[in-house]
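**Q** Dropping a structure here in structure tokens format, bear with me for questions.
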Amino acid sequence: AASWVFHETATWWAAGVAGSIVGAVWNYLLSASLVWKSRA
């Protein structure tokens, strides 16, 4: 995602923000599926 944003806009800070957001969402979803499973 960061690579694509940098290629489209040529602004390093926008690419960094996009990469951070995608990374945070990815980490949350992976943690939610692997760690926070319901024990019902």
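**Q** Which one of the conditions (1) open to solvent by less than 50 Å² (accessible area, probe 1.4 Å); (2) of a type outside the set (Ser, Thr, Tyr); (3) touching a helix residue (DSSP H, G or I) at 6+ places or on another chain (Cβ under 6 Å) does residue 16 fail to meet, given that it meets all the rest?
**A** (3)
**Q** Given (1) out of contact with any Ser or Thr (no Cβ under 9 Å at 6 or more places or on another chain); (2) open to solvent by less than 60 Å² (accessible area, probe 1.4 Å), identify the lone condition not met by residue 1.
**A** Among (1) out of contact with any Ser or Thr (no Cβ under 9 Å at 6 or more places or on another chain); (2) open to solvent by less than 60 Å² (accessible area, probe 1.4 Å), residue 1 violates only (2).
**Q** Among the residues of region 1-17, is any of a type in the set (Phe, Trp, Tyr), in a helix (DSSP H, G or I) and at pLDDT 85 or above?
**A** Checked region 1-17: no residue is of a type in the set (Phe, Trp, Tyr), in a helix (DSSP H, G or I) and at pLDDT 85 or above.
The values are calculated or read from the model by the stated rules, or taken from the named source; none is laboratory data. Note that the structure is a prediction, hence the values are computed from the model and not measured. As a convention, Cβ positions derive from the backbone with ideal geometry for all residues, glycine included, and neighbour counts pool all protein chains shown. Note: areas computed on protein heavy atoms with side chains; ligands, DNA, RNA excluded. Shrake-Rupley method; radii C 1.70, N 1.55, O 1.52, S 1.80 Å.
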